[in-house]
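Step one of this worksheet: look at the structure below.
The values are calculated or read from the model by the stated rules, or taken from the named source; none is laboratory data. Remember, it's a predicted structure, so these values are computed and weren't measured experimentally. We place every Cβ from the backbone using ideal geometry, glycine too, and count neighbours over all the protein chains shown. Each accessible area value is taken on the protein alone, full model and side chains, heavy atoms only, with ligands, DNA and RNA left out. Shrake-Rupley method; radii C 1.70, N 1.55, O 1.52, S 1.80 Å.
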Amino acid sequence: PLCFPQKLWKMLESDQFQSIWWSDGGKCVAINEELFKEEVLGRGRLQRVFNTQRIKSVIRQLNIYGFTKMQRDGQRSASLPEFLAEEAAVSAHSQILYYYNPCFNRAHPWLVEMCMRR
């Protein structure tokens, strides 16, 4: 059986999932929380990727394997129309979780072996 980082890698490289993808040029993992719950954790027993139906358990695994949650709060615009447009985009992305691990990089697949449990 594959360990958690290997399962995660396979999901990211598969075109089977819309709820999880590479972000920041392959340096971060992006997860649409609601869609992930439905698409990955809500599957029947035979198709299940992880042995859980809870997003908190998946997040705990990310933390155990050294992933850190990244914030998405870039510079905000000074003009009101631009600021409001950015706020709308941010709220649309509020369900998206970003996680980073220096040993989990799309450009360097061999580093996944370095993702160890804490």
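Numbers at a glance
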{"quantity": "Among (1) at pLDDT 80 or above; (2) of a type in the set (A, V, I, L, M, F, W, C); (3) more than 14 Å from F4 (Cα to Cα) - the single one F50 does not satisfy", "calculated": "(3)"}
{"quantity": "Any hit, segment 23-33, residues being open to solvent by 30 Å² or more (accessible area, probe 1.4 Å), hydrophobic (A, V, I, L, M, F, W, C) and under 14 Å from C115 (Cβ atoms)", "calculated": "no"}
{"quantity": "Index of the failed condition, L62 passing every other in (1) of a type outside the set (S, T, Y); (2) over 23 Å from L2 (Cβ atoms); (3) modelled with pLDDT of 95 or more", "calculated": "(2)"}
{"quantity": "Of residues in segment 68-118 being at pLDDT 70 or above and touching a Ser or Thr at 6+ places or on another chain (Cβ under 8 Å), the one farthest from V29 (Cα to Cα)", "calculated": "N101"}
{"quantity": "Selection within segment 9-22 - among the acidic types (D, E) and closer than 18 Å to C115 by Cβ", "calculated": "E13"}
